[in-house]
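Taking it in order: structure first as structure tokens, then the write-up.
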Amino acid sequence: MSMLAVEGLGITFGGVTALADVSFEVKPAEIFAIIGPNGAGKTTLFNVISGLYPPRQGRVRLNGEDVTGLPPDRLARRGLSRTFQNLQVFFRMTVAENIMVGRHLHERRNVLAHLFTLPSVLAQNRATRAKAENLLAFVDLSDLADRTAGSLPYGALRRLEIARALATEPKLLLLDEPAAGCNPVETEEIDNVIQKIAASGVAVVLVEHDMKLVMKISHRIHVLDRGRTIAQGSAADVRNNEQVIAAYLGRHGQREAARAQD
Amino acid sequence: MRRFLEGPYAGVLALAILVAVLPLALPSLFYLRIAALIGIFALVVVGLNLLIGYAGQVSLGHAGFFGVGAYAVAIGPTYLGLPAWLALIAGAAIAGLIAFLVGRPILRLRGHYLAVATLGMGLLFAMVFANESAWTGGPDGMPVPHLDLFGFRMSGARTWYWISGVSLVIGAWVAANVIASPTGRALRAIHDSETAAQVLGIDVARYKLIAFVLSAVYAAVAGAYLAMFDGLVTPETAGFLRSIEFVTMAVLGGLGSTFGGIVGAALLVLLPQVLTVFQDYEHIALGLIMIVVMIFLPAGIVPSLAGLLRWRRS
């Protein structure tokens, strides 16, 4: 059974087709990369899957259930979590608090108990904090736990977003350019983290421009160009696909590249 | 211990001590009366801070809820034969219910649009209070009967100092509880990124509504106190300028800081008293002080000064 199934997904913005007839399936523990040139519709695809945009055509299934058009908080309850290309960190909260927010669905949410801080609330806060500290250790951010998130360097924020998404205990994790703006060392760390996440049984869908990272860790790759699927397969399949090379380099660039190789 | 002192409860403890000790330092009933007023307004601002400072949702209409509380303790005992304390509770409940019903549709709006919608809501309240003369006494307002508790009459500056002071401490404690709970984390998350909050499973509309209802109840209780303290309620109690005054107190003292809200309330109650020495230029002086504070302490008085202190120490 696939964890995520996308069937014939399409969306238009003011007459411009951003996605058309995109279909794929992702299995548990799989790392599935979506690549394509700028404007190919990768982030749009994530926004549709995670419920931020309703699609015009097609369906999204999570674990076999049709979840098309459900709002993001409902999808979170069904095990979907994601990170953002343009970081959406809670900048005024501490690093640990950011992760604690990710535990929201696993906490008792009785507002009356919160008003009077019953002992159960304190115990729960401690448990949530402990969980957050574990996750911070997992992404190697333990010593920054009580810093304001806004004061962290870029690479640390990327890892913070991943840890926060993991705090929800997702079955499907969408990572939108997790290594964008990171130096090689940070990219290496993120690559390790992603492989560990997938190894724990989570289905990981990845949008990423760092081709070295994509080729290295993805089990399968799906290539989009101008909102349409142009290829899907292993790293080797995709690398040698004519259409993919054309999309990335253009016809002219392809000739140049061929000449350079001679 | 250290964690406690840096946590949200340190401020509450400091506030409790201040409230307990302050009467010893105040030379006359006149000052006690002003301190009681500060307590009442600070109570509103502590609640409003949950909505504006923590959840990041502005309201320019909270004087409406303040007015609901104030008119409840006027109308309840006068026309419905309710004891004043029951009228106070009923007023707070009605304000909460109205906030719940009105909040659902208008909290979908964001930023300036929400500001204008809440402004309209406040004006509607004021209009009802001014025009339903049969119940509210119209533009002249109506007298408010005394509060009797356990056979004692609650009147005078000293009594109301203690009522407002203790209520403020309780209000600040409840606010600190909320902030340190999953609800508070959800509110602060919504403030920084609604999208991320949603993706993590937070029902954004629900939490905005919780903050709106809570802040309305704070305002209604404070409104009832002011009406009973003054013995009179008029539509100005719930007017547009009052709403602006509340927001100004919250911003001036420091959004997202419970203690800041209290300082803001104190400043805006005290300044007009102090500035009477400028006579005709009183309002100019008040306006100038507000502008200068916002320029030099842009995060509000308490957060800016706290930041400065931390910076000095490190």
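Look at (1) of a type outside the set (A, V, I, L, M); (2) closer than 23 Å to B:G171 by Cβ; (3) within 14 Å of another protein chain (Cβ to nearest Cβ) and you find that B:F259 fails only one, number (3). If only residues of region B:62-83 that are assigned to a helix (DSSP H, G or I) and free of Cβ contacts under 8 Å to residues at least 60 places away in the same chain are counted, the one that is nearest to B:I40 (Cα to Cα) is B:G76.
Is it the case that some residue within region A:26-43 is free of Cβ contacts under 8 Å to residues at least 40 places away in the same chain and of a type in the set (A, V, I, L, M)? No; the residues of region A:26-43 include none that is free of Cβ contacts under 8 Å to residues at least 40 places away in the same chain and of a type in the set (A, V, I, L, M).
Yes/no per residue for (1) more than 7 Å from chain A (Cβ to nearest Cβ); (2) at pLDDT below 95; (3) in a helix (DSSP H, G or I):
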{"residue": "B:S164", "(1), (2), (3)": "yes, no, yes"}
{"residue": "B:S167", "(1), (2), (3)": "yes, no, yes"}
{"residue": "B:A176", "(1), (2), (3)": "yes, yes, yes"}
{"residue": "B:T183", "(1), (2), (3)": "no, no, yes"}
{"residue": "B:L187", "(1), (2), (3)": "yes, no, yes"}
{"residue": "B:I190", "(1), (2), (3)": "yes, no, yes"}
{"residue": "B:A196", "(1), (2), (3)": "no, no, yes"}
{"residue": "B:I202", "(1), (2), (3)": "no, no, no"}
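Residues in region B:132-170 that are among the β-branched types (V, I, T) and in contact (Cβ under 8 Å) with a residue 40 or more places away in the chain were compared, and the one that is farthest from B:L22 (Cα to Cα) is B:T136.
When region B:262-285 is examined, which residues are found to be farther than 27 Å from B:L50 by Cβ and not polar (S, T, N, Q)?
Restricting attention to region B:262-285, the residues satisfying the condition of being farther than 27 Å from B:L50 by Cβ are B:273-285.
Listed by number, the residues that qualify are B:V274, B:L275, B:V277, B:F278, B:D280, B:Y281, B:E282, B:H283, B:I284, B:A285.
Kindly check whether there is at least one residue in region A:147-167 that is more than 20 Å from A:R92 (Cβ to Cβ) and among the hydroxyl-bearing types (S, T, Y). No, region A:147-167 has no match at all. Residue selection: B:I244 fails the criterion of being of a type outside the set (K, R), part of a helix (DSSP H, G or I) and surrounded by fewer than 11 Cβ atoms within 10 Å (Cβ to Cβ). Could you check region A:61-115 and list, in sequence order, the residues that are more than 11 Å from chain B (Cβ to nearest Cβ) and surrounded by fewer than 23 Cβ atoms within 10 Å (Cβ to Cβ)? Passing the criteria: A:R61, A:L62, A:N63, A:G64, A:E65, A:D66, A:V67, A:T68, A:G69, A:L70, A:Q85. For the criterion of being among the acidic types (D, E) and either closer than 30 Å to A:R77 by Cβ or crowded, with 24+ Cβ neighbours inside 10 Å (or both), B:E282 fails.
Of all the numbered requirements in (1) on the phi > 0 side of the Ramachandran plot; (2) assigned to a helix (DSSP H, G or I), A:E186 misses one, and that requirement is (1).
Pairs, please: C-beta under 6 Å, at least 6 apart or cross-chain, first residue among the small types (G, A, S) and in region B:171-186, second surrounded by 24 or more Cβ atoms within 10 Å (Cβ to Cβ) and not in a helix (DSSP H, G or I)? That search, which allows pairs on different chains as well, returns B:A186/B:I202.
Conditions tested, residue by residue: (1) closer than 30 Å to B:A130 by Cα; (2) in contact (Cβ under 8 Å) with a residue 24 or more places away in the chain; (3) among the hydroxyl-bearing types (S, T, Y).
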site: B:D230; (1), (2), (3): yes, yes, no
site: B:T234; (1), (2), (3): yes, yes, yes
site: B:T248; (1), (2), (3): yes, yes, yes
site: B:H283; (1), (2), (3): yes, no, no
site: B:M290; (1), (2), (3): no, yes, no
site: B:R310; (1), (2), (3): no, no, no
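Can you find even one residue in region A:119-134 that is closer than 19 Å to A:F91 by Cα and away from chain B (no Cβ under 12 Å)? Looking through region A:119-134, at least one residue is closer than 19 Å to A:F91 by Cα and away from chain B (no Cβ under 12 Å). Can B:L86 be described as in a helix (DSSP H, G or I) and surrounded by fewer than 21 Cβ atoms within 10 Å (Cβ to Cβ)? For B:L86, the condition - in a helix (DSSP H, G or I) and surrounded by fewer than 21 Cβ atoms within 10 Å (Cβ to Cβ) - is met. Residues considered: B:V204, B:V178. Of these, the only one that is of a type in the set (V, I, T), touching a helix residue (DSSP H, G or I) at 6+ places or on another chain (Cβ under 7 Å) and either within 18 Å of B:V58 (Cβ to Cβ) or surrounded by fewer than 22 Cβ atoms within 10 Å (Cβ to Cβ) (or both) is B:V204.
The values are calculated or read from the model by the stated rules, or taken from the named source; none is laboratory data. What you see is a predicted model, and the numbers here were worked out from it, not measured in a lab. Every residue, glycine as well, gets a Cβ built from its backbone with ideal geometry; the counts of neighbours run over all protein chains shown.
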